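Read the structure below first, then the notes.
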Amino acid sequence: MELKNILRQVKEGSTDLVNAENQIRSMGYVPVSDIAKLDTFRKYRTGFMEAILAEGKEAEDIVEIVRAHNETAGRTLITRINEEQASAIRNAFKPENIEWDMHSRTAVVHDGTPALKTGGTVAIITAGTADIDVAEEARMAASEMGCSTIQIYDVGVAGFQRLISEMSVFEENRPDAIVVAAGREGTLPTVVSSLIDAPVIGLPVSIGYGAGAKGEAALLSMLQSCSILSVVNIDAGFVAGAFAARIANSIAEARK
């Protein structure tokens, strides 16, 4: 239950102060057996939601964690899911309660509760088709944080005219923040930041070979950018999407 709903119940007299206090205290974290402590109050404390990283977790543990999180939040974002974990999720939850993005190995499991729309807008751009997997993780994170998303894929600087032809999309939709995913030399975030009036988050992707492989050249290029932009770690799609959504949500709140 959200904090505002608890306070509303107190105001309306449908719950007393003792019960409200207990509910608020339980929002600090929810223990799940001896394997996890879910930070269900995170989005109220920081503006960022709790998400479940599937890497390194047993499939049955993920199912237990998701059940516990949904009891509190109604929706759970899970990232970096492998085939065994995906199978366990499919067996544990109804198909209509699962939203999959197999490109990014990301899923949302929910109880029918819709993601609350904030009015923020995040654009997701990729330099190449090979960058889409990581970009889609960013898109899922931004969407779960309430933002509308715009996708513009495969517009890297090797064919600069492709980006120029998409400029009308930015003019029509006016994104509040932009995630730009790029591998190899990682130039595209610098170019986007120089053209568009919105904060840019560079997302280096582990695409590329030879010297500077596995996203290292892209990361260093973005960090050395002469345009003003923020940069997340290599393949950190969730972080990029969540950070962009935090910016967009703050801007949307200021517009009210």
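The values are calculated or read from the model by the stated rules, or taken from the named source; none is laboratory data. Keep in mind that this is a model prediction, so the values were computed, not measured. Here Cβ is always computed from backbone atoms with ideal geometry, including for glycine, and neighbour counts include all displayed protein chains. Surface accessibility is based on the protein's heavy atoms, side chains included, excluding ligands, DNA and RNA. Shrake-Rupley method; radii C 1.70, N 1.55, O 1.52, S 1.80 Å.
Quick check: is even one residue across the stretch 191-200 assigned to a loop (DSSP other than H, G, I, E, B), surrounded by 15 or more Cβ atoms within 10 Å (Cβ to Cβ) and of a type in the set (A, V, I, L, M)?
Yes.
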Residues that are farther than 24 Å from R246 by Cα and of a type in the set (D, E, K, R): does the stretch 134-147 have at least one?
no
Pick out, from the stretch 66-127, the strands (runs of 3 or more DSSP E) lying fully within it that include 1 or more residues that are open to solvent by 30 Å² or more (accessible area, probe 1.4 Å).
75-79, 98-101
The one condition in (1) open to solvent by less than 80 Å² (accessible area, probe 1.4 Å); (2) part of a helix (DSSP H, G or I); (3) free of Cβ contacts under 8 Å to residues at least 60 places away in the same chain that G241 fails to fulfil:
(3)
Can you tell me which residue among E136, E172 is of a type in the set (D, E, K, R) and farther than 24 Å from T106 by Cβ?
E172
Scan of the stretch 144-186 for residues that are hydroxyl-bearing (S, T, Y) and surrounded by fewer than 20 Cβ atoms within 10 Å (Cβ to Cβ), ordered by number:
S148, Y153, S165, S168
Search the stretch 204-226 for residues that are buried (at least 18 other Cβ atoms within 10 Å of the Cβ) and pair each with any residue that is in a helix (DSSP H, G or I) and among the acidic types (D, E) when their beta-carbon atoms are under 6 Å apart and the residues are at least 6 apart or on different chains.
V205/D131
Those residues of the stretch 1-60 that are at pLDDT 80 or above and either more than 24 Å from the chain's Cα centre (by Cα) or under 29 Å from A142 (Cβ atoms) (or both) come to a total of 24
